[in-house]
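Single-structure report; data block below.
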Amino acid sequence: GAVVSQHPSWVICKSGTSVKIECRSLDFQATTMFWYRQFPKQSLMLMATSNEGSKATYEQGVEKDKFLINHASLTLSTLTVTSAHPEDSSFYICSAPSMAPSSYNEQFFGPGTRLTVL
Amino acid sequence: QKEVEQDPGPLSVPEGAIVSLNCTYSNSAFQYFMWYRQYSRKGPELLMYTYSSGNKEDGRFTAQVDKSSKYISLFIRDSQPSDSATYLCAMRKVNTGNQFYFGTGTSLTVIP
């Protein structure tokens, strides 16, 4: 299947700083990418839909100014956590849907980025 | 009420046991159903998908969908320690883009 990478895989930062997480589709193009957040022992919660060439669509309750999303190209989306605080510590996962004709639109997930804010 | 409900477990079984994992949903707009496996600190990987009621088999895994009851299951036969992971069900509505709705995941441990 297609490969989605994330960088970094693990980051520790001080409270108040900003952290950028990259999501790349390595062997296919993705006009849309999804950003999820996962707390320990909980499911993936969709944060936003990243659209190449246009603004991201945020889910209800997600602060747009805190979680900045940029879909710079057909293979790269970035999530920047601005002024991070300890409560932002979580596992962030991106995914990209397959562009192949399919009735169910398989999504390929990145390996995730673990963010710890001290 | 969440749109997708899944018992978080944890579930522990001996090696070789048959495992049954389940999800229920409330919205009949869900038409595509997937099961993902997620190892600790990794992203989810697709195990199976189906879009119709009935059974779909792939090796030791069988996915079952009952749309009339809004209930889906994943069965794992001859479970192995390497099956120890969190299993997430996911669903997608028709013609609403690529948004997936996930269950909370069930943590499974297969004991050697």
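The values are calculated or read from the model by the stated rules, or taken from the named source; none is laboratory data. Every value quoted in this text rests on a predicted model; they were computed, and no experiment measured them. Ideal geometry is used to build each Cβ from the backbone, glycine not excepted, and the neighbour counts take in all protein chains shown. Remember, those area values only see protein heavy atoms, side chains included, never the ligands or the DNA or RNA. Shrake-Rupley method; radii C 1.70, N 1.55, O 1.52, S 1.80 Å.
Considered as a group, the residues in segment B:8-33 that are within 14 Å of chain A (Cβ to nearest Cβ) and touching a Leu at 6+ places or on another chain (Cβ under 8 Å) include one that is nearest to B:VAL94 (Cα to Cα), and that residue is B:LEU21.
Looking across segment A:35-46 at every residue that is touching a residue at least 40 places away in the same chain (Cβ under 8 Å) and open to solvent by less than 30 Å² (accessible area, probe 1.4 Å), the one that is nearest to the other protein chains (Cβ to nearest Cβ) is identified as A:LEU44.
Within segment B:90-106, track down each residue that is surrounded by fewer than 18 Cβ atoms within 10 Å (Cβ to Cβ) and of a type in the set (Gly, Ala, Ser). Once the filter is applied, which keeps residues that are surrounded by fewer than 18 Cβ atoms within 10 Å (Cβ to Cβ) and of a type in the set (Gly, Ala, Ser), segment B:90-106 yields only B:GLY97.
Exactly one residue among B:TYR36, B:TYR49, B:TYR32 is touching a Pro at 6+ places or on another chain (Cβ under 9 Å) and part of a strand (DSSP E or B), and that residue is B:TYR36. Residues considered: B:TYR87, B:TYR36, B:TYR71. Of these, the only one that is closer than 26 Å to A:LEU46 by Cα, open to solvent by 40 Å² or more (accessible area, probe 1.4 Å) and either away from chain A (no Cβ under 11 Å) or not polar (S, T, N, Q) (or both) is B:TYR71.
For segment B:73-84, the criterion of being modelled with pLDDT of 95 or more, on the phi > 0 side of the Ramachandran plot and out of contact with any Cys (no Cβ under 8 Å at 6 or more places or on another chain) is satisfied by at least one residue. Restricting A:GLY110, A:GLY53 to those that are on the phi > 0 side of the Ramachandran plot and small (Gly, Ala, Ser) reduces the list to A:GLY53. Considering segment A:55-80, and only residues there that are part of a loop (DSSP other than H, G, I, E, B) and open to solvent by less than 70 Å² (accessible area, probe 1.4 Å), the residue that is farthest from the other protein chains (Cβ to nearest Cβ) turns out to be A:LYS66. Scanning segment A:18-34 for any residue that is at pLDDT below 95, open to solvent by less than 60 Å² (accessible area, probe 1.4 Å), more than 10 Å from chain B (Cβ to nearest Cβ) and not in a loop (DSSP other than H, G, I, E, B) turns up at least one such residue.
Condition check for A:SER50 on (1) touching a residue at least 24 places away in the same chain (Cβ under 8 Å); (2) at the interface with another protein chain (Cβ under 9 Å from one of its Cβ atoms): one failure, at (2). Within segment A:61-100, if we keep just the residues that are of a type in the set (A, V, I, L, M, F, W, C) and more than 14 Å from the chain's Cα centre (by Cα), the residue that is modelled with the lowest pLDDT turns out to be A:ALA100.
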